């Protein structure tokens, strides 16, 4: 009994290879060869083993050629997942949870991105721009500058308010504890901060709380925005530079005073020598006079 507009039922027993449930053939493809599109269903694992499970595959076969991968909208148009009105070649619209998961089981590249067809522009090529709001305002992204990668965040004065200067940072920076450690299961030694220790001084660049867990008791690991520490470090460097300039001025002043004192000492020594000479002359005259 068919339950859909097109109901195809095939062999339901176990098979270690994919079972084709439908073929759609075209009289002639774009390259003037007969082409067959297929949808396959396999009961078992994707490698043809005996493990329980299932998978489906969609592709095409051209006589004399290997099977091709799934191609959607090869000659134009957009593909939508979770939306009926895609606005870009691949438009994925998710719910409040994760919209897209990309995972690989090998050490190969997970994502390959090619942009601008190898060309150049005055601002480089955004490999992964991040836009928000209905106006799709650019708030940051990963950018290829033509010679290096840049990780940008919007810092235009036109989107900022309540701008003030920050106070001294030297005491805070001196309090930071830089440590060496292993992270997760890596044997490689890393250098950095412990999140909750850094949070004591700069809570705005640390997420979460120490020892926080979710509803199931799983750790909510704290994260650190190390880039957010740069402005405080710059402020500290400016303070050190100011102190160095002030110290240099004081040293110069003391040096000038020391030079002046040395000159005075030389003058006094010269006067003392003259007085000794005059005293000796006077003493000789008194002796000559019979005193």
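Nothing in this text is a laboratory measurement; each read-out follows from the coordinates by a stated rule. These figures come from a predicted structure and were not determined experimentally. Note that we place each Cβ from the backbone using ideal geometry, even for glycine, and neighbour counts take in every protein chain shown.
Of all the residues that make up segment 179-198, how many are within 17 Å of residue 230 (Cβ to Cβ) and surrounded by 10 or more Cβ atoms within 10 Å (Cβ to Cβ)? First the steps, then the outcome.
Initially, segment 179-198 is screened for residues within 17 Å of residue 230 (Cβ to Cβ), giving 191-193, 198.
Add one more test, that the residue is surrounded by 10 or more Cβ atoms within 10 Å (Cβ to Cβ), and what stays is 192-193, 198.
Total satisfying the criteria: 3.
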Tell me, please, whether a residue that is in contact with a helix residue (DSSP H, G or I) (Cβ under 6 Å, 6 or more places away or on another chain) and in contact (Cβ under 8 Å) with a residue 60 or more places away in the chain can be found in segment 211-230. no
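Just wondering, is there one or more residues in segment 230-242 that are assigned to a loop (DSSP other than H, G, I, E, B) and within 18 Å of residue 170 (Cβ to Cβ)? Talk me through it step by step, then tell me what you get.
Step one: of segment 230-242, the residues assigned to a loop (DSSP other than H, G, I, E, B) are none.
Looking through segment 230-242, none of the residues is assigned to a loop (DSSP other than H, G, I, E, B) and within 18 Å of residue 170 (Cβ to Cβ).
With the condition kept exactly as written, say whether any residue in segment 165-172 is within 17 Å of the chain's Cα centre (by Cα), free of Cβ contacts under 8 Å to residues at least 12 places away in the same chain and exposed (fewer than 10 other Cβ atoms within 10 Å of the Cβ). Walk me through how you get there before you give the answer.
Within segment 165-172, the first condition is being within 17 Å of the chain's Cα centre (by Cα), and the residues that meet it are none.
Checked segment 165-172: no residue is within 17 Å of the chain's Cα centre (by Cα), free of Cβ contacts under 8 Å to residues at least 12 places away in the same chain and exposed (fewer than 10 other Cβ atoms within 10 Å of the Cβ).
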Going by the conditions given, is residue 257 in contact (Cβ under 8 Å) with a residue 12 or more places away in the chain and out of contact with any strand residue (DSSP E or B) (no Cβ under 8 Å at 6 or more places or on another chain)? no
